[in-house]
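Asker: Please see the structure below; I have some questions.
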Ligand SMILES: C[S@@+](CC[C@H](N)C(=O)[O-])C[C@H]1O[C@@H](n2cnc3c(N)ncnc32)[C@H](O)[C@@H]1O
Ligand SMILES: [Zn+2]
């Protein structure tokens, strides 16, 4: 049986309907559903040469690290930020959420699980997109009730004015696209690194470690409703967790091999984690 979806065809922008094995639009464009349940809506023209987004090893390291619970407190705050914006009126309707640049779906699936525990919310329509095929492969293994697609945020294959909330955690954003797909007064929740994020890791890697500048601000078309900071210390035990943390950060690409080898010899690492969460409303 065919089911409606909030995906739009990347070629003609018509709504995509989910069939048994494919998504299709009324103009006859179709997209196969992978065995894992996701769909690839990325057109070659949306990307440059090569495999876009985070590669398989980075994704696996992030998945293993996040599964250890080091960022659980942050994830809980993110969930609370979103829930704080859901009114009783919203609860009575289907809540439509997109996680843009969802990676391997850690925050996406934890958010859905949390929403299911809230009284009055029973209809959740959740989507996750990421340009990395490896990321979406793992994400679709986390929760079959979330529709995941390989797609770029810069060409978001989501129908206009269909989403109540967009979540964008440490991922690239496209304000025009976000504004297009949000319903009037829809919310955009951005999480970005705070000034002291992973300072302990940086100190272990570099002789000089600077603070991170302000990130995550959004301009035209949005009004900032609220922003807050979540910071705490994490204590990594074992070289595997330390290596996984390094691999899921941009430092893995900007650190010389000697420093990486030294880091691998550590069997514990304490570091601050520092997150800024911003809640915007579409205007
Ligand atoms: C730092 S990771 C964050 C992933 C996830 N939100 C999390 O916090 O675990 C950034 C993600 O953005 C994805 N990405 C990069 N460029 C993108 C684009 N143009 N559209 C969608 N996703 C993109 C990467 O593949 C990667 O999974
Ligand atoms: Zn089409």
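Asker: Please state which one of 45, 2 is within 16 Å of ligand 2 (Cβ to nearest atom) and farther than 28 Å from residue 94 by Cα. Reasoning before the result, please.
Answerer: Values: 2 fails: farther than 28 Å from residue 94 by Cα.
Exactly one of 45, 2 is within 16 Å of ligand 2 (Cβ to nearest atom) and farther than 28 Å from residue 94 by Cα, namely 45.
Asker: Closer than 16 Å to residue 149 by Cβ and exposed (fewer than 13 other Cβ atoms within 10 Å of the Cβ): does that describe residue 27?
Answerer: no
Asker: Could you list all residues from region 233-269 that are loosely packed, with under 12 Cβ neighbours inside 10 Å and modelled with pLDDT of 95 or more?
Answerer: 233, 235 - these are the residues of region 233-269 that are loosely packed, with under 12 Cβ neighbours inside 10 Å and modelled with pLDDT of 95 or more.
Asker: Now, a different point. Name the helices (runs of 4 or more DSSP H) wholly inside region 1-97 in which the number of residues that are in contact (Cβ under 8 Å) with a residue 12 or more places away in the chain and within 16 Å of ligand 1 (Cβ to nearest atom) is 2 or more.
Answerer: Per the criteria, 56-67, 72-83.
Asker: Do any helices (runs of 4 or more DSSP H) lying entirely in region 171-283 carry at least 2 residues that are touching a residue at least 24 places away in the same chain (Cβ under 8 Å) and over 26 Å from residue 98 (Cβ atoms), and which ones are they?
Answerer: 199-205, 239-247, 257-264
The values are calculated or read from the model by the stated rules, or taken from the named source; none is laboratory data. Just so it is clear, the structure is predicted and the values come from calculations on it, not from any experiment. Ideal geometry is used to build each Cβ from the backbone, glycine not excepted, and the neighbour counts take in all protein chains shown.
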